[in-house]
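Novice: Sharing a structure here in structure tokens format.
The values are calculated or read from the model by the stated rules, or taken from the named source; none is laboratory data. Owing to the predicted nature of the structure, the values given are computational and were not obtained by experimental measurement. With ideal geometry, Cβ positions are generated from the backbone for all residues, glycine too; neighbour counts draw on all protein chains shown.
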Amino acid sequence: MEQISVRAKLVNKLLIVAVVILISFIISLQIAGVNFEQQTMMAIFIFALATSGALFYLHQTLDVLAAKLDLVESSLPYLKDNDQYGFDKLNQDAYPAFFRSVSDLFTIEVEEPEPDKLDIARLKALDVCQGNVMMADADCNITYVNTSVTAMLQKNETALRALLPNFNVATLVGTNVDVFHQNPSHQRSLLQSLRQSYSTKLELGDLTFSLIASPLFDEKGERLGTVVEWEDISDRLAAEKIAEDIANANQRTTSALDVCQANVMMADADYNIIYVNEAVKVMLSNNEQQLRTVLPNFNVANLIGTNIDTFHVNPAHQRTMLDNLKSTYKTNLELAGFTFGLIATPVFNDDGERLGTVVEWEDKTERLAAEKIAEDIANANQRTTSALDVCQANVMMADADLNIIYINGAVKAMLRSREKQLQELLPNFNVDNLIGTCVDDFHKNPAHQRGMLENLKSVYKTDLELGEMTFGLIATPVINDNGERLGTVVEWEDKTERLAAEKIAAEIANAN
């Protein structure tokens with residue numbers, strides 16, 4: 001059955017009311033004994049007309065309300081089914097305010113979740129996020145801490161209590177952020193005037209926290225509180241400090257190595273060259289051309305980054321040896337006619353991990369050549385000395401300063417046979433202590449002898465008379481290939497007895 005509108009019901013009710021009033025009025029007149037004459041009928045007509053006018057006015061007024069009620073009643077099914085599309089097709093002219101209100105309700109109901117559920121969802125999201133989040137209200141009272149910041153503060157709780165005896169992570173919510181600061185008024189003033197995110201560091205003993213404080217406002221711009229993101233940067237700062245100290249120490253070491261005279265090279269754990277100091281650069285630069293005869297690509301300027309394998313004929317052998325190196329190792333590297341002395345020292349960190357190798361270089365080429373020459377000379381001298389030791393001639397050698405450096409067995413025996421007589425003239429004379437003494441000790445006028453010997457260019461013969469003794473001396477200068485005077489060889493002959501015999505023989509001959 002078709003539903004009757006509110007407006008139709010209202011018209012029906014008004015008609016019934018009008019009829020009831022009119023009939024009631026007529027019945028009342030009859031009961032009162034009023035005759036229905038012409039004047040009475042006129043009064044009834046006027047009453048009926050006034051009543052109809054009043055009812056018509058009432059109908060006009062109620063008709064507007066009835067139209068609105070009709071619209072509300074028509075919208076109820078659409079509201080019940082949350083059918084905004086069907087609702088929008090209704091005639092909105094009768095009750096625009098109702099449509100605006102209901103349309104807003106549709107928007108809130110469809111697009112916006114309930115505020116309390118939204119807040120719960122947001123807090124749940126913060127609880128599982130990895131960021132350390134804390135919230136405080138407008139009075140800086142802590143209202144929320146997420147799981148991550150709770151774990152971080154619990155980890156440092158003992159250390160924090162050393163500075164904040166009443167600190168308790170379990171009771172943080174409800175406490176004031178002032179407890180974290182030595183100057184709360186400064187922090188409070190800063191937070192209350194905050195209009196955008198602010199980053200700072202909070203140092204508590206050995207702990208350092210990075211804080212990002214962001215103000216929270218409502219739709220009207222009224223401050224609700226502050227969101228604070230925490231990060232414990234203590235370990236990172238400590239690691240950075242250690243790295244900085246190591247870098248500074250390395251810089252000092254590098255600076256010292258750069259100016260030191262030792263030839264130093266460093267290689268990493270894979271034997272790639274990572275450092276060469278100035279001294280080793282100069283040494284290798286001086287030998288660069290000759291080294292290229294066996295290492296065509298050798299370039300001192302490009303040494304950094306190259307591998308030390310390039311220096312070795314058998315890199316695998318060298319690698320194995322260096323891999324197993326636990327202490328300093330010395331060796332020689334022969335390359336392109338050069339001989340380099342190498343001292344390889346492994347470098348380990350505190351955990352025993354191998355970091356690389358420090359190699360000290362020495363160009364031994366010239367020194368070894370000089371040592372070879374010296375060795376050859378020494379061998380020749382040794383042969384000469386051995387020969388002189390067993391020869392019958394009395395041989396003595398002195399250096400360029402006329403200090404005795406050698407006496408053979410024959411001269412030692414000769415002088416020992418005259419030692420007592422010589423000591424009468426030279427009290428300090430001692431055959432066993434001759435080495436190291438000066439030949440000046442044998443002469444009354446050393447300056448004359450010294451001048452004569454220093455200018456000696458060839459063999460010089462003379463006699464040395466000491467008391468009743470006469471020694472024949474043959475002095476021969478020793479000069480090297482450069483014309484430099486090295487010393488003097490002196491051959492001795494004790495002529496004392498021979499000259500005495502010759503003197504007696506001469507006297508006998510003269511007597512005859």
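Novice: Which members of segment 430-443 meet the condition of being surrounded by 11 or more Cβ atoms within 10 Å (Cβ to Cβ) and either of a type in the set (K, R) or farther than 20 Å from D401 by Cβ (or both)?
Specialist: Across segment 430-443, the qualifying residues are N430, V431.
Novice: Of the conditions (1) part of a helix (DSSP H, G or I); (2) farther than 19 Å from K495 by Cα, R416 fails just one. Which one is it?
Specialist: (2)
Here's the yes/no breakdown for (1) under 31 Å from the mean Cα position of the chain (by Cα); (2) modelled with pLDDT of 90 or more; (3) assigned by TED's automatic domain parsing to the domain that holds Q251:
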| site | (1), (2), (3) |
| --- | --- |
| I273 | yes, yes, yes |
| N287 | no, yes, yes |
| L291 | no, yes, yes |
| N297 | no, no, yes |
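Novice: May I pose another question? Looking at (1) exposed (fewer than 15 other Cβ atoms within 10 Å of the Cβ); (2) under 17 Å from C140 (Cβ atoms); (3) over 31 Å from the mean Cα position of the chain (by Cα), which is the one condition that is false for L194?
Specialist: For L194, the exception is condition (1).
Novice: Further question on the same structure: Could you grab the pairs with beta carbons closer than 8 Å, sequence gap of 6+ or different chains, first residue in segment 180-208 and hydrophobic (A, V, I, L, M, F, W, C), second one assigned to a loop (DSSP other than H, G, I, E, B) and surrounded by 13 or more Cβ atoms within 10 Å (Cβ to Cβ)?
Specialist: Within 8 Å, the pairs are F180/L164; L191/C140; L202/H181; L204/L164; L207/N156.
Novice: For segment 210-231, enumerate the residues that are within 19 Å of H181 (Cβ to Cβ), in contact with an Asp or Glu (Cβ under 6 Å, 6 or more places away or on another chain) and in contact (Cβ under 8 Å) with a residue 24 or more places away in the chain.
Specialist: G225
Novice: Of the residues D389, D376, D401, only one is in a helix (DSSP H, G or I), among the charged types (D, E, K, R), assigned by TED's automatic domain parsing to the domain that holds G436 and at pLDDT below 90; which?
Specialist: Criteria check complete, one pass: D389.
Novice: Got a sec? Which of A378, A336, A369, A374 is closer than 30 Å to F442 by Cα and without any contact (Cβ under 8 Å) to a residue 60 or more places away in the chain?
Specialist: A378
Novice: Restricted to segment 200-228, and to residues that are within 24 Å of the chain's Cα centre (by Cα) and of a type in the set (G, A, S), which residue is surrounded by the fewest Cβ atoms within 10 Å (Cβ to Cβ)?
Specialist: For segment 200-228, the residue satisfying everything is G205.
Novice: Could we say that E231 is within 22 Å of the chain's Cα centre (by Cα), at pLDDT 85 or above and either surrounded by 11 or more Cβ atoms within 10 Å (Cβ to Cβ) or not aromatic (F, W, Y) (or both) here?
Specialist: So E231 fits the description; yes.
Novice: In the list I504, I474, which residue meets the criterion of being free of Cβ contacts under 8 Å to residues at least 12 places away in the same chain and of a type in the set (A, V, I, L, M)?
Specialist: I504
Novice: Quick check: is even one residue across segment 173-185 of a type in the set (D, E) and at pLDDT below 90?
Specialist: yes
Novice: Let me ask something else about it. Hey, among the residues in segment 425-441 that are in a helix (DSSP H, G or I) and at pLDDT below 90, which one's nearest to W492 (Cα to Cα)?
Specialist: Selected residue: V439.
Novice: Something else: I'd like to know if segment 317-325 contains one or more residues that are at positive phi and not assigned by TED's automatic domain parsing to the domain that holds M152.
Specialist: No, segment 317-325 contains no residue that is at positive phi and not assigned by TED's automatic domain parsing to the domain that holds M152.
Novice: Would you call A511 over 60 Å from the mean Cα position of the chain (by Cα) and not assigned by TED's automatic domain parsing to the domain that holds Y406?
Specialist: yes
Novice: Still on this structure: Given the options I212, I246, name the one that is of a type in the set (V, I, T) and in the same structural domain as V347 (by TED's automatic domain parsing).
Specialist: I246
Novice: Give me the pairs, please: first residue somewhere in segment 317-331 and farther than 17 Å from G352 by Cβ, second residue anywhere and part of a helix (DSSP H, G or I) and not hydrophobic (A, V, I, L, M, F, W, C), beta-carbon distance under 9 Å, and either six or more positions apart or on two chains.
Specialist: Going by the 9 Å Cβ cut-off, the qualifying pairs are Q318/D309; R319/D309.
Novice: Next question, about the same structure. With respect to A262, is the statement that it is touching an Asp or Glu at 6+ places or on another chain (Cβ under 9 Å), of a type in the set (G, A, S) and either over 30 Å from L153 (Cα atoms) or touching a residue at least 24 places away in the same chain (Cβ under 8 Å) (or both) true?
Specialist: In short, yes.
Novice: Hey, another quick one. Of all residues being within 17 Å of V489 (Cα to Cα) and either without any contact (Cβ under 8 Å) to a residue 12 or more places away in the chain or not basic (K, R) (or both) in segment 444-458, which is surrounded by the fewest Cβ atoms within 10 Å (Cβ to Cβ)? Just the residue, please.
Specialist: Across segment 444-458, the extreme among qualifying residues is S458.
Novice: Report, by residue number, each residue of segment 216-247 that is touching a strand residue (DSSP E or B) at 6+ places or on another chain (Cβ under 7 Å) and under 15 Å from L204 (Cα atoms).
Specialist: Answer for segment 216-247, where residues must be touching a strand residue (DSSP E or B) at 6+ places or on another chain (Cβ under 7 Å) and under 15 Å from L204 (Cα atoms): W230, E231, D232, I233, S234, L237.
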